[in-house]
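Right, one structure below, let's go through it.
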Amino acid sequence: MQHDVELLKSKIPLLDYLKRHNWSGCRVGSRHEFVGRCPLHEETQASFYVNAQKNLFYCHGCGRGGDLLRFVQLSLRLNFRDSVAHLKRELHPALFTEGCVLVQAASFYHSQLDRHEEARAYLRKRGVRDEDLISRLLIGYAPGGSLRGYLTEVGSTVDFLAHLGLVDGRGRDSFYRLIVVPCLDSNGNVANLYGRSIDGLPAHRFLPRAKGGLFAWDRVCDSNRIILVEGLFDLMVLWQAGFTHTTCGYGIHLTAAQFAQLCDRSDREVFIVFDSDGNGAGQRAAMHLAHRLRSGGLRAHVVTLPDGHDPNSYFVAGATAADFQACLDQGCRL
């Protein structure tokens, strides 16, 4: 922390900071000294002195003085840690946009995965074992209690993290004990985070913001053959098995934007592989979507898996890439 403080003070001269925040002073005495009205209290005569060479201030009116960090603490009524965070945002404002903070959160969660065996055990249980896949999708884990400290340390505020939905009203990690996967928009930017509980409810969680279209669309959009599945764990086992032209819509009901993505090539062929659940909801949704895609000029196939299976459970139960390919080959063309 002390190294950060000294670096910030060297990168942000006190006089420059004051001028950016509408303080004006006149040169007085040596060429390094300036005087103006104190921004920390009301006064009619200038008594606030700044030594630009030493990066120090002192007010003869209120008796307060110190360096840049002390001024931030006094002027904004912040504690030491929040003052450091404020100056980091002043120095690198582009790093604290919503998108950048989501990237930082996803990277932090990814770094936690190998530190928690319960997370690794859950991935193994769901059939996800390929290290390259885990790295490529930036799969991570939220152990709880540490994201807030990490992101505020690098300059975010608790209020901003709450605005994004990363922490709740008490500052606690919203993705506690969830496997976390970043959702990318069509340009490959992190648009949202998906969380899957390893041991309880709610089973699924997203941040309260748009999900960003079909998952990893920038990686599959050039293909004229697309496999569409419901969930991310379905996608993971298929990518792992070599079916990397797979995407998902986070459920059986596509948004208008997701549907438009599928239809952006007239020569595209879509294989819809939804859950073969007992109530038939997945297959009915697949049939409905296939008709819509056909109306849009595409070729569409509804792929049926053995009863009770989705792609993830099918592979966990021992299916091979050849088994799944046979299901694709038997798909019902509409």
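Nothing in this text is a laboratory measurement; each read-out follows from the coordinates by a stated rule. The structure displayed is predicted, hence computed values, not measured ones. Positions of Cβ are generated from backbone atoms using ideal geometry, with glycine treated the same way; all protein chains shown enter the neighbour counts.
Data for the structure
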read-out: Kirkwood hydrodynamic radius (C-alpha pairs) into Stokes-Einstein, the chain, 10 °C and 1.306 mPa s, D in µm²/s; value: 68
read-out: Protection proxy ranking, peptides 73-85, 238-250, 196-208, 167-179, average beta carbon neighbours within 10 Å, highest first; value: 238-250, 167-179, 73-85, 196-208
read-out: Sorted by Cβ neighbour density within 10 Å, fewest at the top, the residues Glu98, Glu131, Glu269; value: Glu131, Glu98, Glu269
read-out: Dipole of the chain, positive end: most advanced residue of Leu289, His253, Asn79 [Cβ charges, Cα centre]; value: Asn79
read-out: Dipole in debye (nearest 20) - the range 95-206, about Cα centre, beta carbon charges: Lys, Arg +1; Asp, Glu -1; value: 360
read-out: Potential extension, Arg209-Arg265 segment - 0.36 nm per residue separation minus Cα distance; value: 17.4 nm
read-out: Local electrostatic count at Phe175 - Lys and Arg +1, Asp and Glu -1, tallied over other residues with Cβ under 13 Å; value: +3
read-out: Full-extension gain in nm, Leu76 to Asp307, via 0.36 nm per residue minus C-alpha separation; value: 76.9 nm
read-out: Rule-of-thumb Rg ratio for the range 95-206 [Cα; 2.2 N^0.38 Å; N residues]; value: 1.01
read-out: Within the chain, percent of DSSP bridges classed antiparallel, to nearest 5; value: 70
read-out: Kirkwood Rh and Cα Rg combined as Rg over Rh, evaluated for the range 217-333; value: 0.93
read-out: 222 nm mean residue ellipticity, helices alone, for the chain (DSSP H n ≥ 4; -39,500 (n - 2.57); rounded to 500); value: -11000 deg cm²/dmol
read-out: Paramagnetic reach from Arg299 in the range 265-282 [backbone N under 13 Å; point 7 Å along Cα→Cβ]; value: 266-271
read-out: The chain: DSSP helices with Cα axial extent of at least 20 Å and average Kyte-Doolittle hydropathy no lower than -0.5; value: 98-112
read-out: Net charge of neighbours whose Cβ lies under 11 Å from the Cβ of Gly61, counting Lys and Arg as +1 and Asp and Glu as -1; value: 0
read-out: Net charge over other residues, Cβ less than 12 angstrom from the Cβ of Asp277 (K, R count +1; D, E count -1); value: -3
read-out: Cα centre as origin, Lys/Arg/Asp/Glu Cβ charges: the chain dipole, Debye; value: 920
read-out: Histogram of C-alpha separations across the range 13-167, 5 Å bin width, %; value: 2, 8, 14, 15, 11, 10, 9, 8, 6, 5, 4, 3, 2, 1, 0
read-out: Residues Ser266, Ser107, Ser313, sorted so that the one with the fewest Cβ neighbours within 10 Å comes first; value: Ser266, Ser107, Ser313
read-out: Semi-axis lengths (Å, descending) of the ellipsoid that matches the C-alpha gyration tensor of the range 212-261; value: 17, 13, 8
read-out: Calculated SAXS-style log₁₀ I(q)/I(0) at q = 0.10, 0.16, 0.25, 0.26 Å⁻¹ - the range 1-90, Debye, Cα scatterers; value: -0.23, -0.60, -1.36, -1.44
